[in-house]
Amino acid sequence: MEVPPGITLEEEAAMRELLIVFQEGFEEANITVTVNGKQVRRDLDVSTNPHLGIASEVSVELPAKGAQVGLRSPTAG
């Protein structure tokens, strides 16, 4: 396994990945994703594709323990 520079094997093993799929109801929405209260991603002008029913897919890294994920989209429909 190749480890990215600056990351130890222990740190890599301690991280998990979460895939979030935003589906229907988004029209030019601004979406903020937080992990343990810290903003990790912000997407602007996200809209649902009416043919697929999907607006966006995002992936965020989570610590191995104690992850609290927050989603905020004040402009979502």
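The values are calculated or read from the model by the stated rules, or taken from the named source; none is laboratory data. Keep in mind the model is a prediction, meaning the values are calculated, not measured. Ideal geometry is used to build each Cβ from the backbone, glycine not excepted, and the neighbour counts take in all protein chains shown. Accessible surface is based on the protein model in full, side chains and every heavy atom, while ligands, DNA and RNA are left aside. Shrake-Rupley method; radii C 1.70, N 1.55, O 1.52, S 1.80 Å.
For this structure, a couple of remarks:
- A cut-off of 5 Å between modelled amide H atoms, ignoring neighbours fewer than 5 places along the same chain, links VAL40 with VAL33, THR34, VAL35.
- Placing +1 on each Lys and Arg Cβ and -1 on each Asp and Glu Cβ, with no other charges, gives the stretch 32-77 a dipole about its Cα centre of roughly 240 debye.
- Probing with 1.4 Å while keeping every protein chain in the model, the per residue accessible area of the stretch 17-62 equals 66 Å².
- Long-range amide H partners of GLN23 with built H, under 5 Å: ALA55
- Value of relative contact order over the stretch 26-65, rounded to a whole percent, pairs C-alpha under 8 Å and six or more apart: 34 percent
- Extension gain for VAL40 to ILE20 (0.36 nm times residue separation, less C-alpha to C-alpha distance): 5.9 nm.
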